[in-house]
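Chemist: The structure follows.
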Amino acid sequence: MATRETRDPFEYPCLRPVEAFPAVVSGQEVLCLRDPSQYCESVVYLPTQTASILGLFDGEHSLLDIQAAFVRQYGDLLFREQLLQLIRSLDEHLFLDSPHFADHRAEVDEGFLHAESRPALLAGKSYPSDADALRRQLDNYLTDPDGPGETPASPAAGSLTGLVVPHIDFARGGPCYAWGYRELEGALPPDRYLILGTVHAAIARPFALTKKSFDTPLGPVETDTEFVTRLLAVTGHGLLHDELAHRAEHSIEFQTVFLRHRTPPARPVRIVPILCGSLHRAVEERRSPGEMKEVESFLAALRETLAALGGRTLIMASADLAHIGPRFGDRGQITPGQLREVADADREMLESVEAGDAEAFFHAVARDGDRRRICGLPPIYALLRLLPGARGRVLSYKQWPDPQGTVTFAAVALYGRG
């Protein structure tokens with residue numbers, strides 16, 4: 001009997017894990033498919049009627065099964081050749097779990113693992129690949145009406161120990177980034193930046209590290225190999241198990257670009273790049289992430305490494321806040337009243353960040369089952385656990401309002417007790 005692995009992928013199509021969201025293109029309602037793992041750069045648009053059968057692209061339903069389901073739902077025939085045309089197109093764009101995709105993924109993964117540094121994946125896409133154009137764009141965020149302008153870093157910046165900054169693309173969140181990096185200018189230059197980034201793809205373990213340095217159009221950002229080596233000696237090399245997640249993840253890449261820009265060219269920028277996986281299990285069970293053995297042991301290993309190496313480390317959480325609207329699974333477009341409710345809930349949640357209270361922050365998210373989808377929950381929680389006694393201040397809070405999908409984000413500075 002044929003198994004899912006041996007079945008013909010064109011007879012039993014299987015859609016890869018992709019991001020699907022509604023949109024209106026040329027006046028027509030469509031479903032957009034996008035690959036969050038960035039193995040393909042295409043966005044595929046499907047009419048809603050066609051998209052309705054994608055739930056059957058699971059490797060278990062045959063073409064006949066899919067055709068029969070379409071007839072039951074719409075009362076119209078879906079001819080085999082029409083269906084095969086859709087399947088071939090999805091495979092061509094690398095959205096099917098097929099031998100074609102497997103070969104492509106193996107080639108891409110091998111290239112990343114053998115590379116000496118992580119390429120600037122989004123250069124030329126989310127921000128300019130030309131260094132001068134990129135500098136102008138980032139400088140403009142400082143002078144933007146929503147940016148800090150001439151506002152200097154606060155008097156407390158000398159004791160800055162942590163920073164929460166967005167990871168939304170620069171075009172939407174640039175001025176909010178600028179508020180965080182303006183505060184950083186008033187801090188003592190750190191020996192390293194420990195960047196806790198949100199990972200938007202599933203990983204097997206709670207945290208993922210890479211030894212690779214990061215390329216940017218403005219020059220390299222070095223990974224602190226001494227710190228990474230010491231950390232791996234404590235945790236074991238399982239921390240590298242999900243290293244491939246760094247290849248396509250933007251949350252750390254965006255910070256390396258801004259860090260390199262706001263640091264004098266002659267001064268190296270050294271980072272410890274750590275991606276933080278989902279805490280949904282803790283949310284569902286309404287129990288602290290501190291009760292999860294893998295989370296607690298990793299945070300203990302980080303503290304041990306920080307203490308052993310000494311020096312000045314500034315810890316950053318690359319984190320957005322709420323994600324609401326049809327694009328993220330909600331029904332109906334967002335109303336102004338809902339935006340005000342989200343802002344109120346966000347600001348209440350951020351009070352726990354300002355208080356430096358990791359558990360209060362977690363419970364502010366978990367008490368309603370993370371209804372607002374706070375994607376920055378894992379890195380902000382970890383940051384607060386690593387900075388006991390810190391107190392913070394919200395520098396900027398913003399929403400990018402879109403009836404189809406609104407994202408909120410903030411810049412928050414945290415200061416040590418000294």
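The values are calculated or read from the model by the stated rules, or taken from the named source; none is laboratory data. Quantities reported herein were computed from a predicted structural model and do not represent experimental measurements. Positions of Cβ are generated from backbone atoms using ideal geometry, with glycine treated the same way; all protein chains shown enter the neighbour counts. Side chains included, ligands, DNA and RNA excluded: accessible areas come from the protein's heavy atoms. Shrake-Rupley method; radii C 1.70, N 1.55, O 1.52, S 1.80 Å.
Chemist: Mind listing the phi-derived Karplus ³J(HN,Hα) values for segment 196-211, rounded to whole Hz, using 6.51, -1.76 and 1.60 with θ = phi - 60°, and x for any glycine or proline?
Modeler: Karplus values, whole Hz, x for Gly and Pro: 9, x, 6, 9, 9, 10, 5, 10, 6, 10, x, 9, 9, 10, 10, 8.
Chemist: Let me ask something else. Please list, by residue number, every one of the chymotrypsin sites (Phe, Trp or Tyr not before Pro) in segment 13-106 that is coil in DSSP and has at most 11 other beta-carbon atoms within 10 Å.
Modeler: Passing both the DSSP loop test and the Cβ count: Phe79.
Chemist: At 1.4 Å probe size, with every protein chain present, just tell me what the per residue accessible area of segment 159-218 comes to in Å².
Modeler: Heavy-atom SASA per residue in segment 159-218 reads 28 Å².
Chemist: Between Gly392 and residues 5 or more places away or on another chain, which pairs have amide H atoms under 5 Å apart, with H built 1.01 Å from N, and which residues are they?
Modeler: For Gly392, whose amide H was placed from the backbone, the distant partners under 5 Å are Ala355, Gly356, Tyr415.
Chemist: Compute the helix-to-body angle for 293-309: its Cα long axis versus the longest principal axis of the chain, expressed 0 to 90° and rounded to tens.
Modeler: Taking Cα atoms only, the helix is inclined about 40 degrees.
Chemist: Same structure, new question: Which percent of the accessible area of segment 61-198 is formed by carbon and sulfur heavy atoms (probe 1.4 angstrom)?
Modeler: It is 51 percent, rounded to a whole number.
Chemist: May I ask for the angle, rounded to the nearest 10°, between helix 377-386 and the longest principal axis of the chain, with both axes built from Cα atoms and the value confined to 0 to 90°?
Modeler: So the helix axis and the longest Cα principal axis differ by about 20 degrees.
Chemist: Ordering Tyr193, Tyr181 by accessible area with a probe of 1.4 Å, largest first, what comes out?
Modeler: Tyr193, Tyr181
Chemist: Find the percent of Cα-Cα distances in the chain that exceed 39 Å, and round it to a whole number.
Modeler: 22 percent
Chemist: Also: Report ³J(HN,Hα) in whole Hz for each residue of segment 217-234, in order, from the Karplus equation J = 6.51 cos²θ - 1.76 cosθ + 1.60 where θ = phi - 60°; Gly and Pro get x.
Modeler: x, 9, x, x, 10, 7, 7, 6, 5, 5, 5, 4, 4, 5, 5, 5, 5, 8
Chemist: For segment 391-407, what does the Karplus curve 6.51 cos²θ - 1.76 cosθ + 1.60, with θ = phi - 60°, yield as ³J(HN,Hα) per residue in whole Hz, taken in order and with x for Gly and Pro?
Modeler: In residue order, the calculated couplings are 10, x, 8, 6, 8, 7, 10, 9, 10, 9, x, 9, x, 7, x, 9, 10 Hz.
Chemist: Express the relative contact order of the chain as a whole percentage, based on alpha carbon pairs under 8 Å and six or more residues apart in sequence.
Modeler: 18 percent
Chemist: Over all directions, how big on average is the projection of the convex hull of the alpha-carbon atoms in segment 21-165, in square nanometres?
Modeler: The number I arrive at for segment 21-165 is 15.1 nm².
Chemist: Report, in degrees rounded to the nearest 10, the 0 to 90 angle that the Cα long axis of helix 250-262 makes with the longest principal axis of the chain.
Modeler: Once rounded, the angle reads 40 degrees.
Chemist: Take the alpha-carbon centre of segment 175-203, take the same for segment 215-268, and report the distance between them in whole Å.
Modeler: First find each Cα centre; the distance between them is then 12 Å.
Chemist: Out of the DSSP beta bridges found with both residues in the chain, what percent are antiparallel (nearest 5)?
Modeler: Percentage antiparallel, nearest 5: 60.
Chemist: Whose amide H sits under 5 Å from the amide H of Arg16, counting only residues 5 or more places off or on another chain, with H placed in the peptide plane?
Modeler: HN-HN under 5 Å from Arg16: Leu96, Asp97.
Chemist: Starting from the Cα of Lys293, draw a straight line to each of the lysines and keep only those under 30 Å, dropping any in the same chain fewer than 8 residues away.
Modeler: Lys211, Lys212
Chemist: Give me the 1.4 Å probe accessible area per residue for segment 88-144, excluding ligands and nucleic acids, in Å².
Modeler: With the other protein chains kept in place, segment 88-144 gives 56 Å² per residue.
Chemist: Taking just the alpha carbons, could you work out the radius of gyration and Dmax for segment 305-396, both in angstroms?
Modeler: Rg and Dmax of segment 305-396, Cα atoms, are 15.3, 52 Å.
Chemist: Size of the dipole of segment 258-336 about the Cα centre, Lys and Arg at +1 and Asp and Glu at -1 on the beta carbon, nothing else charged, in debye to 20?
Modeler: Rounded to the nearest 20 debye, it is 440 debye.
Chemist: Let me ask something else about it. Once amide H atoms are built 1.01 Å from N in the peptide plane, which residues 5 or more positions from Ile195, or in another chain, come under 5 Å H to H?
Modeler: Placed amide hydrogens put Val272, Ile274, Met316 under 5 Å from Ile195.
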